[in-house]
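Contents: one structure, followed by commentary.
The values are calculated or read from the model by the stated rules, or taken from the named source; none is laboratory data. All values reported here derive from a predicted model rather than from experimental measurement. Reconstructed Cβ throughout: ideal geometry from the backbone, glycine too, with neighbour counts over all protein chains shown. Surface accessibility is based on the protein's heavy atoms, side chains included, excluding ligands, DNA and RNA. Shrake-Rupley method; radii C 1.70, N 1.55, O 1.52, S 1.80 Å.
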Amino acid sequence: MQSIREALAAGRKPRVVFTASAGQIAGQVGQVIELTDPEVSDEFVVVRFGRDELPFSPADLAMAPKGVTRRVVEPKPEPEPQESPVAAAPEFVLDTPRVPAQRQEEPKVEQTEKPPARRAVKAVKPKGPAGLTVTLAYADGEWTVAAQQGSKALAKPYVVKPAEALKMVGLVDVPGVQEAVEQILGTERAEAEQQAEKLRAELAEIEARLAELREAR
């Protein structure tokens, strides 16, 4: 392990041969590319074997002799031809790194459980009070005011003086409405003056008649 650390520190990738404890790939040659934390796992020596990079323990490896590139012949080779290391190696190498791949799918389960919580949130708008309507009306020479909230009558129409009606209309900054009210009041004023003039003339006639009757005594 000291030789491997020194080689990696110098920027080299030392070659190692797999021992019998490595299993089916015993006798094959790989390159050490990294050393991880031995306190986390006993398999802290990362070896590149073909296209794969797999972790091994120091007991699974030995320094490869100089000049060895593919395989080191062991003293007792396996006699069975069906256990050729070239054919068996890809099956072992491809099955090893699939174990941690399942851990990456765990967060997806939490994401599918969050959306239903949004359906329970609903904004409830408070119901406002019923609308209020105040009506100022003119009919048959009289001004009346009425108030109603929704379908409930708060104040039945009652008579107000023309001056009060004019003040109410003055609160509404609409020239057309004020002109209409002033026109109605002007017409009523003219009619009242004519009636008063007529009554004064009739009263003068009655007083003259009364004076004649008094002189006739």
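Here are the numbers for this structure:
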item	result
Members of the stretch 6-25 that are touching a residue at least 24 places away in the same chain (Cβ under 8 Å) and under 18 Å from Lys66 (Cα atoms)	Ala7, Leu8, Lys13, Pro14, Arg15, Val16, Val17, Phe18, Thr19
Residue within the stretch 140-162 that is modelled with pLDDT under 85, at positive phi, exposed (fewer than 11 other Cβ atoms within 10 Å of the Cβ) and not basic (Lys, Arg) present	yes
Residue match in the stretch 193-213 (condition: of a type in the set (S, T, N, Q) and open to solvent by less than 70 Å² (accessible area, probe 1.4 Å))	no
First in the stretch 170-193 and modelled with pLDDT under 85, second anywhere and of a type in the set (Val, Ile, Thr) and open to solvent by less than 60 Å² (accessible area, probe 1.4 Å), Cβ under 8 Å, 6 or more apart	Val177/Val169; Gln178/Val169; Val181/Val169
Among residues of the stretch 14-34, those that are hydroxyl-bearing (Ser, Thr, Tyr) and part of a helix (DSSP H, G or I), counted	1
